[in-house]
Amino acid sequence: MAPKSDSAEGIVLNFVNEQNRPLNSQNAADSLQKFNLKKAAVQKALDNLADSGKISFKEYGKQKIYVARQDQFDIPNNEELNKMKEENTKLQEQLDEQKKAIAVVEGEIKALQSNLTLEELQAKQVKLGKEVKQMEEKLIKLRQGVTLVSPEERKAVEKMYMDTVNQWRSRKRMFKDIWDAITENSPKNLKEFKEELGIEYDEDVGVSLQSYGDLMQHGKKRARAH
């Protein structure tokens, strides 16, 4: 019998099936905080669902990895996949055409918006004059050596920045441990497996944890130099 959708087990089961990727209890607990579920309740629900066969799990040392049962999903055959690819290509072509049409309309709108009335030009002139005055006042303060950011504010911002970078580093390490445990004896091609699960590394999206850490260290060296 399936658990009620609003029960802890029901919420956890729906989450595991929707994600359809390897999860541990911490992953699930982090994502289900909006349902006011504690980690202990999520862990219990995962174990009950695994024991009853509603989800699958594997143990890697002390780590348990849970995943949705794959036999509940309809897996298309080669013919269906080819048909889906053809439909996707057609939809992509239609999307590209729509984007081009939207770009043309947006260009026309911007051209019309650039033709300001006399009243709008006068209002814009007043606004720009105020901004110039504010910037000149700020420049005078900077030339006089006035500190616009207090040491306390700077320290608070630096702490927030470092806490964020450390969280990034911790989650990156946590993912690596889980990934290594899952793929250690896997016969799958890791690159294909990563793409299949929709996983992206930092470098895939053009960011580098090291560069953000170095940025903070560089800022501290500059502060000491001054």
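The values are calculated or read from the model by the stated rules, or taken from the named source; none is laboratory data. Just so it is clear, the model here is predicted, and its values are computed rather than measured. Reconstructed Cβ throughout: ideal geometry from the backbone, glycine too, with neighbour counts over all protein chains shown. Heavy atoms of the whole protein, side chains included, go into the accessibility calculation; ligands, DNA and RNA do not. Shrake-Rupley method; radii C 1.70, N 1.55, O 1.52, S 1.80 Å.
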Original post:
In segment 109-130, how many are surrounded by fewer than 10 Cβ atoms within 10 Å (Cβ to Cβ) and of a type in the set (Asp, Glu)?
Top reply: 1
Original post:
Mind checking whether some residue in segment 186-208 is of a type in the set (S, T, N, Q), under 17 Å from residue 60 (Cα atoms) and open to solvent by 90 Å² or more (accessible area, probe 1.4 Å)?
Top reply: no
**OP:** Could you grab me the full set of residues in segment 126-166 that are closer than 28 Å to residue 210 by Cα, part of a helix (DSSP H, G or I), modelled with pLDDT under 85 and of a type in the set (Val, Ile, Thr)?
**Re:** 157, 165
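Of all residues in segment 167-187, which are in a helix (DSSP H, G or I) and among the polar types (S, T, N, Q)?
Passing the criteria: 167, 170, 183.
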Subject >> Answer from 192, 119, 108 - the residue that is under 28 Å from the mean Cα position of the chain (by Cα) and either free of Cβ contacts under 8 Å to residues at least 40 places away in the same chain or within 30 Å of residue 26 (Cα to Cα) (or both) >> reply: 192
**OP:** Would you mention how many residues in segment 20-44 are touching a strand residue (DSSP E or B) at 6+ places or on another chain (Cβ under 9 Å), part of a helix (DSSP H, G or I) and surrounded by fewer than 17 Cβ atoms within 10 Å (Cβ to Cβ)?
**Re:** 1
Original post:
Do the conditions hold for residue 153, that is, is it without any contact (Cβ under 8 Å) to a residue 12 or more places away in the chain and open to solvent by 60 Å² or more (accessible area, probe 1.4 Å)?
Top reply: yes
Original post:
Is it true that some residue in segment 64-78 is hydrophobic (A, V, I, L, M, F, W, C), open to solvent by 100 Å² or more (accessible area, probe 1.4 Å) and under 30 Å from residue 182 (Cβ atoms)?
Top reply: yes
